[in-house]
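Q: Just dropping this structure here.
The values are calculated or read from the model by the stated rules, or taken from the named source; none is laboratory data. Note that the structure is a prediction, hence the values are computed from the model and not measured. Positions of Cβ are backbone-derived with ideal geometry, glycine not excepted, and every protein chain shown enters the neighbour counts.
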Amino acid sequence: MIIGAIAGDIIGSVYERHNIKKVDFPLFGIQSRFTDDSVLTLATMYALLHEKNFTEAYHTFAQKYPHAGYGGKFKLWIRSDNPQPYNSWGNGSAMRVSPVGWYATSLEDAMAEAQESAAVTHNHPEGIKGAQSVAAAVYLARTGKSKEEIKTFIVNTFHYNLDRTLDAIRPAYHFDSSCQGSVPEAIIAFLESADFENAIRLAISLGGDSDTIACITGGIAEAFYGAVPAHIGDGVLGILPRELAEIAEGFSGEFGG
């Protein structure tokens, strides 16, 4: 199943408020949970699978899982009878977008669909840029592009600085929920990784908004490395409610080939 982003979210959920600046830590524990990152990633899957609009999908899923840890402005958006975009540059647009990279039939399609998914809430240019960069990375990864090709496209198109190293970023890095302050770091974690598990561990080792950074990294890493390892997938499915797992199953069956 396509659950790389969800795996990153669940594994990172323990460390968002209790950052751990190393790669040696338990992947799952009694406090591991799915957060808004997983709920809205699955809402994106649902919207794409059933040809629903993103506003309807995000509104419906967030209302069904109201205690998943949404940001303040998004909470107001959930409660609105007529939800409108609120010019956000937060990383919420980037953490939920990875399914677009699997759904898209071309890079241009991935970019356009990512913009549409972001703009229902995060219509600030940085919010759209964050979503597009992640969707593009997933699309390029799943279609066989190398890390260098992915990096070159992201740098040339979105002008993120991907020449930094995690070792240089880690010591001073702190919580930053903006796209511009977390999406490049998540992509760098993928670029430095050796496999899927290592990608998740590297992402969380940065600290900051751990579940979201790992969610973004996990979505890209899964597309590049081919699958989530069984021991991680089993951990995810042991936590994710069956009704949400079934959405991932349906989406994966349609677009995971």
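Q: So residue 168 passes all but one of these: (1) buried (at least 18 other Cβ atoms within 10 Å of the Cβ); (2) under 19 Å from residue 24 (Cα atoms). Which condition number does it fail?
A: Only one criterion is unmet by residue 168, namely (1).
Q: Now for a different question. Mind checking whether some residue in the stretch 2-23 is under 14 Å from residue 241 (Cβ atoms), within 16 Å of the chain's Cα centre (by Cα), in contact (Cβ under 8 Å) with a residue 60 or more places away in the chain and not in a helix (DSSP H, G or I)?
A: So far as the stretch 2-23 goes, yes, one or more of its residues are under 14 Å from residue 241 (Cβ atoms), within 16 Å of the chain's Cα centre (by Cα), in contact (Cβ under 8 Å) with a residue 60 or more places away in the chain and not in a helix (DSSP H, G or I).
Q: Please state which one of 27, 48 is of a type outside the set (Asp, Glu) and within 18 Å of residue 222 (Cα to Cα).
A: Matching residue, one of 27, 48: 27.
Q: Same structure again: Which pairs turn up if I take residues in the stretch 229-256 that are closer than 17 Å to residue 36 by Cβ and look for partners that are at pLDDT below 95 and of a type outside the set (Lys, Arg) with beta carbon separation below 6 Å, at least 6 apart in sequence or on another chain?
A: From residues that are closer than 17 Å to residue 36 by Cβ, the pairs are 248/1.
Q: Those residues that are closer than 15 Å to residue 176 by Cα and touching a helix residue (DSSP H, G or I) at 6+ places or on another chain (Cβ under 7 Å), I need them from the stretch 13-26; list them, please.
A: Answer for the stretch 13-26, where residues must be closer than 15 Å to residue 176 by Cα and touching a helix residue (DSSP H, G or I) at 6+ places or on another chain (Cβ under 7 Å): 15, 16, 19.
Q: Further question: Identify, from the list 207, 130, 219, 226, the residue that is on the phi > 0 side of the Ramachandran plot and either under 16 Å from the mean Cα position of the chain (by Cα) or in contact (Cβ under 8 Å) with a residue 12 or more places away in the chain (or both).
A: Residue meeting the stated conditions: 207.
Q: Then there is this: Restricting the stretch 138-158 to residues that are part of a helix (DSSP H, G or I) and of a type in the set (Ser, Thr, Tyr), which is farthest from residue 218 (Cα to Cα)?
A: Among those residues, the one meeting the criterion is 157.
Q: Output the residues belonging to the stretch 141-152 that are free of Cβ contacts under 8 Å to residues at least 40 places away in the same chain and in contact with a helix residue (DSSP H, G or I) (Cβ under 7 Å, 6 or more places away or on another chain).
A: Matches in the stretch 141-152: 149 only.
Q: Within the stretch 154-180, which residues are in contact (Cβ under 8 Å) with a residue 40 or more places away in the chain and closer than 26 Å to residue 104 by Cα?
A: Selection gives 178, 179, 180.
Q: Out of curiosity, is residue 96 basic (Lys, Arg), surrounded by 15 or more Cβ atoms within 10 Å (Cβ to Cβ) and at pLDDT 95 or above?
A: Yes: the conditions hold for residue 96.
Q: Go through (1) surrounded by fewer than 22 Cβ atoms within 10 Å (Cβ to Cβ); (2) at pLDDT 95 or above; (3) among the small types (Gly, Ala, Ser) and name the single condition residue 248 misses.
A: Failed condition: (1).
Q: Still on this structure, I have one more. Answer yes or no as to whether residue 60 is in contact (Cβ under 8 Å) with a residue 12 or more places away in the chain, of a type outside the set (D, E, K, R) and in contact with a Pro (Cβ under 8 Å, 6 or more places away or on another chain).
A: When the stated conditions are applied, residue 60 does not pass them.
Q: Which residue, of 112, 137, is at pLDDT 95 or above, over 23 Å from residue 16 (Cβ atoms) and either surrounded by 19 or more Cβ atoms within 10 Å (Cβ to Cβ) or among the aliphatic types (A, V, I, L, M) (or both)?
A: 112
Q: Specify the residue that is farthest from residue 103 (Cα to Cα); the eligible residues are those in the stretch 31-57 that are in a helix (DSSP H, G or I) and among the acidic types (Asp, Glu).
A: 36
Q: Just one of 204, 220 is modelled with pLDDT of 95 or more, under 15 Å from residue 18 (Cβ atoms), crowded, with 24+ Cβ neighbours inside 10 Å and not charged (D, E, K, R); which is it?
A: Matching residue, one of 204, 220: 204.
Q: Right, something else. Would you tally the residues in the stretch 145-170 being in contact with a Lys or Arg (Cβ under 8 Å, 6 or more places away or on another chain) and farther than 26 Å from residue 121 by Cα?
A: Of the residues in that region, 2 qualify.
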